[in-house]
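**Q** The following block contains the structure, expressed as structure tokens.
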Amino acid sequence: MANKMNTRMAELLKRTGLFSDGQLETLFDSGADSGAPIAQRVVDAGLAAEEPFLEALAGVLEVPFVRLADVAIPADVISRLPAKVVFQYNVIPVSVENGALRVATNDPFNPGMTDALRLVAGMRIRLVLSCSTELAKAANKFYGVGADTVEQLIQDNRIQVAPEASGKIDINEMDQEASIVKFVNQVVWEAYKDRATDIHFEPMEDELRIRYRVDGVLHQTSMPPQLKRFQAAIISRIKVMSNMDIAERRLPQDGRISLGIHGQDIDIRVSTLPTVYGESISLRLLTRSSGLLGLEALGMNSRDEGAFRKLIHKPHGILLVTGPTGSGKSTTLYACLHAINSIDKRVITIEDPIEYEVPGINQSQIKPEIEYTFGTGLRHILRQDPDIIMIGEIRDFETAEIAIRASLTGHLVLSTLHTNDSAGAITRLADMGVEPFLVSSSLEAVIAQRLVRVLCKSCRRQRPSGDSFVASAGFPVDRIGGTPIFEPGECEKCRHTGFHGRTGIYEVLLITDEIRPMIVGRVTSNVIKQKAMAQGMKTLRDDGWDKVLRGITTVEEVLRVAEEDE
């Protein structure tokens, strides 16, 4: 039977005109026992890309080739097939025509699939072809992430969840627990594939809402409607993975997970918070390589990058990176460490938490519960003969004072501070109680930064010339000339958002000999900023406008993250 099937399949594949006899022979010899769909075997063998192969095969089989992103599928059609079958066979119901259910697949030669679909749907099946990536996206969109797992739990009545007050979870068998494990893994894997940095499990009155943060913006994820029934089991599973106390539901907790899924190592920072309808859980996804960028990948202009490289190779002084939470400060500091890490430099960090592990660097995690704080840690680090010290954040006078004294005794200190702009860091240190003459003597530079979304190159489109909004937004229209300005489009590659990835905009304030006396004289931050601009400093807005003119981002993105220059 298998040989007959292979012979028929080989004849059909040859009629596509894409393969030679030798290629077909190799294809069937190498993949006959793999059980993989023919499209996957063709792609894995490097013989053709999936879409052109399926288009050609559709012509031979005289069936339509469908791009699911362009098709509106009614809810009553989706309900014809249960989630378990959809995920098992990697298919999607598309439409009902003349009493037959049209089903999209990338594996028309799957033996028994058509019969199984007909039994479940209770009607005739007509196949159409579509790419595997589109099938997977459509399954998650219409049925929800992990819908097959949730559906199986409901069918088997495996988990009964008592009211939240009692917190009782009755899991009677090992495979039942494994279903919850599988669901949580599916959620994390889908988030990773979507380039999400955060996953939020948010208990609402009638649902368990799950949202991903992609490129700094939250997106609600399609989930099975019955997910609320398994809320307590899902939350307990995440707490077990994070080594948290699953019996403690009244207090916030923090934990960490190291997860390996599909060959990818993912570190996850976990935080729980009690809410009205249960514990809200936030997961921060940290892949081992994503935080270790080179300075050239940060998005600085050539002038700022050159100045930055000189700063991080100074023998002593303080370099501060400022900005709100989520503006990429830690990534910038890790890029600095990556650039200066060498066998002849002893680099020690004190962090809360350690987000990325850097080979060759001594990293220490603070533990306030045992009174190991930034201040106490810094005192001991200075006895460890460091050349370079990285402090996760300067939060108080004690940390600031020790950092400044460390810089004055011959150490290069890198740290972050929460301020709105670069000059504001000087005022912030003074507010903490640090003497201005110490700030003036030790501070070498302050870098303010924000993250803007990068336009998707596949779908960005040119903005109409003379757009009145551009001028009203404060954009320097005199700099446009014949340079096109772009706005977001929509395509599958960017999830129809128009953006793919993020980059930084920067404001690099160098503490020059002219600015040091101004610090000692307690001059306001606005005056210091004006002086720095007169010396050539680009503000956040200016750097953002440059990236708009280079087609990297949009006017709206710069307005969203950067304040107007006074």
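**Q** So for region 191-342, taking the charge dipole from beta-carbon charges (+1 Lys/Arg, -1 Asp/Glu), which of Thr272, Leu311, Ile238 sits furthest toward the positive end?
**A** Highest projection toward the positive end goes to Leu311.
**Q** Same structure, new question: Give me the net charge of Arg516's neighbourhood, meaning all other residues with Cβ under 12 Å from the Cβ of Arg516; Lys, Arg count +1, Asp, Glu -1.
**A** Details: positive: Lys531; negative: Glu444, Asp513, Glu514.
It works out to a net charge of -2.
**Q** From largest accessible area down, sort Asp206, Asp265; use a 1.4 Å probe on the protein chains. Spell out each step's value before the answer.
**A** Details: Asp206 125, Asp265 85 Å².
My answer, sorted largest first, is Asp206, Asp265.
**Q** Just going by the charge dipole of region 41-107, with Lys and Arg at +1 and Asp and Glu at -1 on Cβ, which of Gly99, Ala58, Val43 is farthest out on the positive end?
**A** Gly99
**Q** Another question, then. Can you compute the charge dipole magnitude of the chain about its Cα centre, using +1 on each Lys and Arg Cβ and -1 on each Asp and Glu Cβ, nothing else charged? Give it in debye, rounded to the nearest 20. Provide the component values of the computation, followed by the final result.
**A** On the way: 64 positive and 75 negative charges, 99 e Å.
For this selection, approximately 480 debye.
**Q** What angle do you read, to the nearest 10 degrees and between 0 and 90, between the alpha-carbon axis of helix 329-340 and the longest principal axis of the chain?
**A** So the inclination is approximately 80 degrees.
**Q** Now for a different question. Based on DSSP H runs of at least 4 residues, each adding -39500 (n - 2.57), what is the mean residue ellipticity at 222 nm of the chain after dividing by all its residues, to the nearest 500 deg cm²/dmol?
**A** Values: 22 runs with 213 residues, N = 566.
Counting only the DSSP helices, I get -11000 deg cm²/dmol.
**Q** Quick one: net charge around Ile361, please, counting Lys, Arg +1 and Asp, Glu -1 for every other residue with C-beta under 11 Å from its C-beta. If you can, show how the numbers build up before the last one.
**A** Details: positive: Lys345, Arg346; negative: Glu351, Glu357.
So the surrounding residues net to 0.
**Q** Can you return the aspartates and glutamates within cross-link range of Lys493? Criterion is Cα-Cα under 12 Å, with same-chain partners fewer than 8 residues away left out.
**A** Hits, sequence-local ones excluded: Glu134, Asp194.
**Q** Give me the angle, in degrees from 0 to 90, between the Cα long axis of helix 132-143 and the longest principal axis of the Cα atoms of the chain, rounded to the nearest 10.
**A** Long axis of 132-143 versus the principal axis of the chain: about 90 degrees.
**Q** If the cut-off is a Cα-Cα distance under 12 Å, which aspartates and glutamates reach Lys345, setting aside same-chain residues fewer than 8 apart in sequence?
**A** Asp385, Asp387
**Q** As an exercise, use a Förster radius of 35 Å and the Cβ-Cβ distance of Lys367 and Asn526 to find the FRET efficiency, rounded to the nearest 0.05.
**A** On the way: r = 40 Å, r/R0 = 1.13.
So, using R0 = 35 Å, E works out to roughly 0.30.
**Q** What net charge do the residues around Ala121 carry, taking every other residue with its C-beta under 14 Å from that of Ala121, with Lys and Arg at +1 and Asp and Glu at -1? Could the numbers behind the result be given before it?
**A** Values: positive: Arg80, Lys84, Arg102, Arg118, Arg124, Arg126; negative: Asp76, Glu97, Asp115.
Here the charged neighbours net out to +3.
**Q** Assuming R0 = 45 Å, can you tell me the calculated FRET efficiency for the pair Ile480 and Ser271, based on Cβ-Cβ distance, to the nearest 0.05?
**A** Efficiency, from the Cβ-Cβ distance: 0.50.
**Q** Taking N as the number of residues in region 457-548, what is its Cα Rg relative to 2.2 N^0.38 Å? Please report the intermediate quantities before stating the final value.
**A** On the way: Rg = 18.3 Å, N = 92, 2.2 N^0.38 = 12.3 Å.
For region 457-548, the normalised Cα radius of gyration is 1.49.
**Q** Once you have the Cα-Cα distance between Glu357 and Leu18, take 0.36 nm times their residue separation minus that, and quote the gain in nm to one decimal.
**A** Values: separation 339, 0.36 × 339 = 122.04 nm, distance 4.72 nm.
Extra length available between Glu357 and Leu18 comes to 117.3 nm.
**Q** Just report the Cα centroid separation between region 389-455 and region 53-111, whole Å.
**A** Their Cα centres are 58 Å away from one another.
**Q** Let me ask something else about it. Rounded, prolate or oblate: pick one for region 178-217, where a ≥ b ≥ c are the square roots of the eigenvalues of its C-alpha gyration tensor, a/c under 1.5 means rounded, and failing that, prolate if a/b is larger than b/c, else oblate. Could the numbers behind the result be given before it?
**A** Details: a/c = 3.50, a/b = 1.12, b/c = 3.12.
Oblate.
**Q** What whole-number value in Å² describes the accessible area per residue of the chain for a 1.4 Å probe?
**A** Numbers: 26640 Å² over 566 residues.
On a per-residue basis, 47 Å².
**Q** Report, to the nearest whole %, how much of the accessible area of the chain belongs to carbon and sulfur atoms, 1.4 Å probe, protein only.
**A** Values: 13100 of 26640 Å².
Ligands and nucleic acids excluded, carbon and sulfur give 49 percent.
**Q** Hey, another quick one. Once the Cβ-Cβ distance between Ala100 and Ser222 is put in as r, and R0 is 22 Å, what FRET efficiency do you end up with, to the nearest 0.05?
**A** Values: r = 27 Å, r/R0 = 1.23.
Efficiency at R0 = 22 Å is approximately 0.25.
**Q** Another question about this same structure. Filter the cross-link list Lys193/Lys329; Lys310/Lys457; Lys228/Lys367 down to pairs whose alpha-carbon distance in this structure exceeds 30 Å. Intermediate results must be reported in sequence, preceding the final value.
**A** Numbers: Lys193/Lys329 24 Å; Lys310/Lys457 33 Å; Lys228/Lys367 35 Å.
In this structure, Lys310/Lys457; Lys228/Lys367 lie more than 30 Å apart at Cα.
**Q** Now for a different question. For region 402-446, list residues with backbone N below 15 Å from a point placed 7 Å from the Cα of His316 toward its Cβ?
**A** The answer is 402-414, 438-444.
**Q** Rounded to the nearest 20 Debye, what is the dipole magnitude of region 369-440 about its Cα centre when Lys and Arg each give +1 and Asp and Glu each give -1 at the C-beta? Write down the numbers at each step before the final one.
**A** Values: 5 positive and 11 negative charges, 32 e Å.
In total the dipole reaches around 160 debye.
**Q** Ratio of alpha-carbon Rg to the 2.2 N^0.38 Å globular estimate for region 292-349, to two decimals, please.
**A** Details: Rg = 11.6 Å, N = 58, 2.2 N^0.38 = 10.3 Å.
Taking N as the residue count of region 292-349, the ratio is 1.13.
**Q** Roughly how many debye, to the nearest 20, is the charge dipole of region 202-298 about its Cα centre, given +1 on each Lys and Arg Cβ, -1 on each Asp and Glu Cβ, and no other charges?
**A** Values: 13 positive and 12 negative charges, 37 e Å.
Magnitude of the dipole: close to 180 debye.
**Q** What residues from region 487-518 fall in the zone where the backbone N is under 14 Å from a label point 7 Å along the Cα-to-C-beta line of Arg550?
**A** Backbone N within reach: 502-507.
**Q** Among Gly294, Ala339, Trp545, flag the residue with its Cα farthest along the positive direction of the charge dipole of the chain, charges on Cβ as +1 for Lys/Arg and -1 for Asp/Glu.
**A** Toward the positive end, the furthest listed residue is Trp545.
**Q** I would also like to ask the following. Using only Cα atoms, find the angle between the long axis of helix 174-193 and the longest principal axis of the chain, and express it within 0 to 90 degrees, rounded to the nearest 10.
**A** 60
**Q** Sticking with the crude label model, points 7 Å out along Cα→Cβ, report the distance from Val120 to Phe469 in nm, one decimal please.
**A** The answer from the label model is 4.3 nm.
The values are calculated or read from the model by the stated rules, or taken from the named source; none is laboratory data. The model shown is predicted, which means the values in this text are computed figures rather than measured ones. Every residue, glycine as well, gets a Cβ built from its backbone with ideal geometry; the counts of neighbours run over all protein chains shown. The accessibility values were calculated without ligands, DNA or RNA, using every heavy atom of the protein model including side chains. Shrake-Rupley method; radii C 1.70, N 1.55, O 1.52, S 1.80 Å.
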